[in-house]
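First the structure, in the form of structure tokens, and then the observations on it.
The values are calculated or read from the model by the stated rules, or taken from the named source; none is laboratory data. Model, not experiment: these values are computed from the prediction. Here the Cβ is made from the backbone with ideal geometry for all residues, glycine too, and neighbour counts use every protein chain on show.
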Amino acid sequence: MVWYRIQPLLSRRTRVCSWDPAGIGFSSPSPEPQDAIHETEDLEQALDGAHINGPYVMVAHSAGAYVALRFADQHRRMVIGMVLLDPSIPDQAVVRKRVAPKFAAFGDAAPKAEVSRLRQCAAEIGSGALKRGTPEFDRCTAQQLPTVFSSLSLNLASLNGDPARLLTQASAIANASSGSGREAVNPQRRYADMPLIVLASGRHPMPPGTTADLQEQAALYFRALGSGQEAYAALSTRGRRQIVSDSGHFIQLDNPSAVLDAINEVLTDISRRLNGSTVHH
């Protein structure tokens, strides 16, 4: 759903397939750990089930980059282009704790609290302690979306009444930077001359009242994150990293034009190379 400003315009040019991991959007819950390994397997099954055989241009945001990378590693000949939006980097949790331990503790607090909340909600709904129609149940199952999706929010909130779905969401959050980050490490990863663009956010706002030492640690971390994103671009001789200066982490919402331009650049590059190959032969 965070791609609603991208997919309609991009679909005028090429086939676009959006995929929600288990427990997200209208995807069913899963008892499996929601780490990069299992999410990549789910993506493979979804593509096979829909008979979408590729070739593919992978577009991924944040920790979704781990799935895109693992999929590309395992299907190297079928992935012919990639665009990563402010991607998480391999072993990100370890990197953050090493270079900015105070910022790591600060950044981990909200996800840990959300994981705890989701698990508690799942337990109380499962036991019958929380009943539909009560304010407490509504708080547990609420789905926050842009106002343009207000009716969709109600549908997803209804789905969130399933404890298995809440536990799946908790697993995804718990694994986002730690387990999945470890699983994204691959020293042998090389993408030759595959068109690859990494878009990086240019704004990293901190809450009001943030102390000076925490701001300094945040700067250290985002510098390390930038280095890791540069390493992604270096996986291909045609790779590059571009900072989207007016955007926060959700570049596809803050500056959809930059995302569309990057994807179209990759598609055009692929088209030219394919046409050139055809002419040459």
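Computed quantities for the displayed model
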| quantity | calculated |
| --- | --- |
| Residue identified as surrounded by 15 or more Cβ atoms within 10 Å (Cβ to Cβ), under 21 Å from residue 65 (Cβ atoms) and in contact with a Ser or Thr (Cβ under 9 Å, 6 or more places away or on another chain) among 225, 235 | 225 |
| Pair list, Cβ < 7 Å and 6+ apart or interchain, from region 155-166 residues that are in contact (Cβ under 8 Å) with a residue 40 or more places away in the chain to residues that are of a type in the set (Ser, Thr, Tyr) and surrounded by fewer than 16 Cβ atoms within 10 Å (Cβ to Cβ) | none |
| Residue that is farthest from residue 220 (Cα to Cα), among those in region 107-142 that are part of a helix (DSSP H, G or I) and among the polar types (S, T, N, Q) | 127 |
| Residue check for residue 118: among the aliphatic types (A, V, I, L, M), modelled with pLDDT under 95 and surrounded by 15 or more Cβ atoms within 10 Å (Cβ to Cβ) | no |
| Scan of region 242-281 for residues that are farther than 22 Å from residue 9 by Cβ and out of contact with any Gly (no Cβ under 8 Å at 6 or more places or on another chain), ordered by number | 273, 274, 275, 276, 277, 278, 279, 280, 281 |
| Boolean, residue 33 is surrounded by 17 or more Cβ atoms within 10 Å (Cβ to Cβ), in contact (Cβ under 8 Å) with a residue 60 or more places away in the chain and not polar (S, T, N, Q) | no |
| Residues being under 17 Å from residue 176 (Cβ atoms), part of a helix (DSSP H, G or I) and in contact (Cβ under 8 Å) with a residue 12 or more places away in the chain - total across region 72-106 | 8 |
| Residue 187, sole failed condition from (1) part of a loop (DSSP other than H, G, I, E, B); (2) over 24 Å from residue 254 (Cβ atoms); (3) in contact (Cβ under 8 Å) with a residue 40 or more places away in the chain; (4) not charged (D, E, K, R) | (3) |
